[in-house]
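The values are calculated or read from the model by the stated rules, or taken from the named source; none is laboratory data. Remember, it's a predicted structure, so these values are computed and weren't measured experimentally. Ideal geometry is used to build each Cβ from the backbone, glycine not excepted, and the neighbour counts take in all protein chains shown. Ligands, DNA and RNA are excluded from the accessible area calculation, which covers all protein heavy atoms including side chains. Shrake-Rupley method; radii C 1.70, N 1.55, O 1.52, S 1.80 Å.
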Amino acid sequence: MIPFGYQRAEDAEGAVATVSRDPNAMFLGGGTNLVDHLKLGVASPGLLVDVTGLPLDRIEPLPGGGVRIGAGVRNSDLAADPTIRSHYPVLSQALLSGASGQLRNLATTGGNLLQRTRCVYFQDVSTPCNKREPGSGCSAVDGYTRYHAILGASRLCVAVHPSDMAVAMTALDAVVQVQGPDGERHIPLVDFHRLPGDAPQRDTVLTHGELITAVDLPSLPTGCRSRYRKVRDRASYAFALVSVAAVLDVGDGTVRDVWIALGGVAHKPWRATRAEEVLRGAPATEETFRRAAEAELADAQPLPDNAFKVPLARNTLVSVLRDLTRRDLTSQTPEDS
Ligand SMILES: Cc1cc2nc3c(=O)[nH]c(=O)nc-3n(C[C@H](O)[C@H](O)[C@H](O)COP(=O)(O)OP(=O)(O)OC[C@H]3O[C@@H](n4cnc5c(N)ncnc54)[C@H](O)[C@@H]3O)c2cc1C
């Protein structure tokens, strides 16, 4: 391992100032992704500024409704929070479908949003990867592509975003609160992660030294239901092949409103706006759900090993919407994995 410095941040301003002025400094959350990258040689910061001691570990109601989740809140605590379980079950379910109990006890909200792709070529420093080393080439395009993107990829990168939590938060219209050297920013999560384009090394719109301080969730209409479903190769401790986060508001058999995001399909959590357009104001029927799923996946461009993801994403979306309209839906409580 390459030697590096370690500091515990005293306050957010100091942490931002220290990281901003040193291009080789990085924030450290629970370390469950970054420390792996240090060991693998994927990252080699000169200084780690540990932000887990900052007072960012609260889940608080927002004055106008909704909830503010501190960036230091651990994934386990967020999943178990009574407000999250009762008002945002989709988020609780997404968190509990990720990693393992031990990892969730360490992983933070801020670090989870910034975890990097699990593309095997990105994590293997002996292979070219444009995301790890811009301009070196993409080993995945002609490699093993079972886990890769079917939507929004570029010729430079076909990796997918790995976080379950971020997919649920994208469906929930979350807003990321950021503190940087030039002040504060409020970034809708849907605009926070990037598609790869010509710069796959940049996962998000953050600039160096910007600290995530919180994530805000708006309140949801009374009576709407939400759910997260993750399809993967093993029943637990595996990343999504495809996942669906959906929030559905139905009245008199008609979709009043709907919010959907897909995971495992793109370089960022994929907001399913085309499906939402088909669904809004339409009868909440199987036929509508199918049309919505067809519309969303119409432009999918599968790779040689992952054509199965297209029908898998369609069918999972239809199945989640069908579940959310069942009269006897009781499983609003999270499912652990
Ligand atoms: C074996 C294994 C299985 C896993 N399975 C899943 C899974 O199925 N689903 C899933 O979603 N995840 C999974 N994970 C990933 C896990 O959820 C992430 O590693 C974790 O959420 C990262 O959070 P952290 O606090 O440990 O981040 P860290 O590792 O500390 O940091 C990650 C990144 O975030 C930056 N950072 C941290 N905090 C801040 C902040 N406040 N502001 C700005 N930058 C910050 C760091 O500089 C770093 O770049 C798995 C991990 C492992 C090791």
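Go through the range 18-27 and count every residue that is surrounded by fewer than 14 Cβ atoms within 10 Å (Cβ to Cβ) and within 10 Å of Leu211 (Cβ to Cβ).
Qualifying residue count, the range 18-27: 0.
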Original post:
Ser100 is checked against (1) in contact (Cβ under 8 Å) with a residue 24 or more places away in the chain; (2) among the polar types (S, T, N, Q); (3) open to solvent by 10 Å² or more (accessible area, probe 1.4 Å); (4) touching a Pro at 6+ places or on another chain (Cβ under 7 Å) and fails just one. What number does that condition carry?
Top reply: (4)
Subject >> Inter-residue pairs, beta-carbon under 7 Å, first within 17 Å of Met26 (Cβ to Cβ) and in contact (Cβ under 8 Å) with a residue 40 or more places away in the chain and in the range 113-124, second small (Gly, Ala, Ser) and within 11 Å of the ligand (Cβ to nearest atom), 6+ apart >> reply: Leu113/Ser163; Leu113/Ala166; Gln115/Ser163
**OP:** Select from the range 98-111 the residues that are within 20 Å of Leu262 (Cα to Cα) and more than 7 Å from the ligand (Cβ to nearest atom) and list them in ascending order.
**Re:** Thr109
Subject >> Every pair of residues 6+ apart whose Cβ atoms lie under 6 Å, when the first sits in the range 271-293 and is under 18 Å from Cys224 (Cβ atoms) while the second is open to solvent by less than 60 Å² (accessible area, probe 1.4 Å) and of a type in the set (Asp, Glu) >> reply: Ala272/Glu296; Ala275/Glu296
Original post:
Mind checking whether some residue in the range 11-20 is within 19 Å of the chain's Cα centre (by Cα), within 14 Å of the ligand (Cβ to nearest atom) and touching a residue at least 12 places away in the same chain (Cβ under 8 Å)?
Top reply: no
Original post:
Does the range 190-199 include one or more residues that are more than 10 Å from the ligand (Cβ to nearest atom) and under 30 Å from Ala284 (Cα atoms)?
Top reply: yes
Subject >> Given (1) hydroxyl-bearing (Ser, Thr, Tyr); (2) open to solvent by 30 Å² or more (accessible area, probe 1.4 Å); (3) within 20 Å of Leu195 (Cα to Cα); (4) touching a residue at least 60 places away in the same chain (Cβ under 8 Å), number of the condition Ser136 does not satisfy >> reply: (4)
Original post:
How many residues, within the range 309-324, are open to solvent by less than 20 Å² (accessible area, probe 1.4 Å), more than 18 Å from Arg146 (Cβ to Cβ) and touching a helix residue (DSSP H, G or I) at 6+ places or on another chain (Cβ under 7 Å)?
Top reply: 3
**OP:** Check the range 247-261 and report whether any residue there is at positive phi, within 16 Å of the ligand (Cβ to nearest atom) and within 19 Å of the chain's Cα centre (by Cα).
**Re:** no
Subject >> Residues that are farther than 17 Å from Arg280 by Cα, in contact (Cβ under 8 Å) with a residue 40 or more places away in the chain and in contact with a Lys or Arg (Cβ under 8 Å, 6 or more places away or on another chain), drawn from the range 218-250 >> reply: Phe239, Ala240, Leu241, Val242, Ser243, Val244
**OP:** Go through the range 155-184 and count every residue that is open to solvent by 10 Å² or more (accessible area, probe 1.4 Å) and within 10 Å of the chain's Cα centre (by Cα).
**Re:** 3
**OP:** Mind listing just one residue for me: the one in the range 103-113 that is touching a helix residue (DSSP H, G or I) at 6+ places or on another chain (Cβ under 9 Å) and buried (at least 18 other Cβ atoms within 10 Å of the Cβ) and, of those, farthest from Pro188 (Cα to Cα)?
**Re:** Arg104
Original post:
Would you say Pro45 is modelled with pLDDT of 95 or more and near the ligand (Cβ under 10 Å from one of its atoms)?
Top reply: yes
Original post:
So which residues in the range 73-97 are touching a Phe, Trp or Tyr at 6+ places or on another chain (Cβ under 8 Å) and either aliphatic (A, V, I, L, M) or within 8 Å of the ligand (Cβ to nearest atom) (or both), if there are any at all?
Top reply: Val90, Leu91, Ala94, Ser97
**OP:** Being more than 11 Å from the ligand (Cβ to nearest atom), out of contact with any Lys or Arg (no Cβ under 7 Å at 6 or more places or on another chain) and acidic (Asp, Glu) is the filter here, so list the residues in the range 200-217 that pass it.
**Re:** none
Original post:
Considering the range 117-128 alone, what residues qualify as being within 13 Å of the ligand (Cβ to nearest atom) and open to solvent by 60 Å² or more (accessible area, probe 1.4 Å)?
Top reply: Arg118
